[in-house]
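Remarks on the structure that follows.
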């Protein structure tokens, strides 16, 4: 049996995960829809490959039956995760992906009972979305068990990939989201801004975004009130606020097709990734006025994604998994992220 399947291996992040996997001695099967690019990637690394779309159920199931677990890298995940997830339930294959979409996390959480019955673990978000921030949330909860409020923020210094841009563009008219009293609540785009002290003199203006932790941090910690911020340049912040009024127009088919056509392929170069890093900050407080903070520094986001996805895959292959829906920190603890070289927490 091959180690695992990487689906969407020809995308920017999928190709990076494939490359790092081979460097670490893994021999995954790679798969995707584009035969030419999948075949070329397989030949480059001497790997087996399969070519199929997620609509080709027999081929999908056959590929999953060859492996113990899958890293699903073909987004936007709101369009692809259900078919891959259902196939994993049918074939009793562990499911992981690299999503950051709230709706996908919540849908996977609803599959908890079926996953337990199938004897598999379902863990969306095994990349930068959401391993570092999920671990930071759990670290804060461990330090302040009475916490009722959680605020997280991240600052990624680097370029984003075609796939990430495509997902962001597709969701441009959907506004924001926070969690209040345990329930996910819609809020306007760029609902709040605040100054974030990431440490070492790095202070930036953060803006609320509908990041995956609005879902996952609650499942990990039980903290009922959650907000997530990121750092956005003034031009992006202005565009986010504008989307409150014209988001409906930007979500229409013709405008989406135009916007998607303008996205440049690829992502940051190896040199850019090597120079990049990501800073995270978190704050937890309780109803008695107790408050704590923590900070985390990680490698560049896509590098972190490849390393965390493969780290979790290695654990699954070793039999270290919990059946049902899991988040990274819930399954493996707050120190999971510290297993990644170049990561430190204060």
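The values are calculated or read from the model by the stated rules, or taken from the named source; none is laboratory data. Everything numeric in this text was worked out from a predicted model, so none of it was measured. Cβ placement follows ideal geometry from the backbone for every residue including glycine, while neighbour counts extend to all protein chains displayed.
Some points to look at:
- Hits in region 130-159 - residues which are touching a residue at least 12 places away in the same chain (Cβ under 8 Å) and part of a loop (DSSP other than H, G, I, E, B): 144, 146, 147, 148, 157, 158, 159
- Selection of region 66-83 for residues being out of contact with any helix residue (DSSP H, G or I) (no Cβ under 6 Å at 6 or more places or on another chain) and crowded, with 24+ Cβ neighbours inside 10 Å yields only 70.
- Test: residue 83 is within 24 Å of the chain's Cα centre (by Cα), at positive phi and modelled with pLDDT of 95 or more: no
- Filtered residues of region 84-106 (kept if in contact with a helix residue (DSSP H, G or I) (Cβ under 7 Å, 6 or more places away or on another chain) and assigned to a helix (DSSP H, G or I)): 85, 87, 88, 89, 90, 91, 102, 103, 104, 105, 106
- Each residue in region 16-36 was checked for being in a helix (DSSP H, G or I), surrounded by fewer than 24 Cβ atoms within 10 Å (Cβ to Cβ) and touching a helix residue (DSSP H, G or I) at 6+ places or on another chain (Cβ under 8 Å), and 4 pass.
The rows are residues; the columns are (1) at pLDDT 95 or above; (2) within 29 Å of residue 85 (Cα to Cα); (3) in a helix (DSSP H, G or I).
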| position | (1), (2), (3) |
| --- | --- |
| 237 | no, no, yes |
| 241 | no, no, yes |
| 244 | no, no, yes |
| 258 | no, no, yes |
| 280 | yes, no, no |
| 313 | yes, yes, yes |
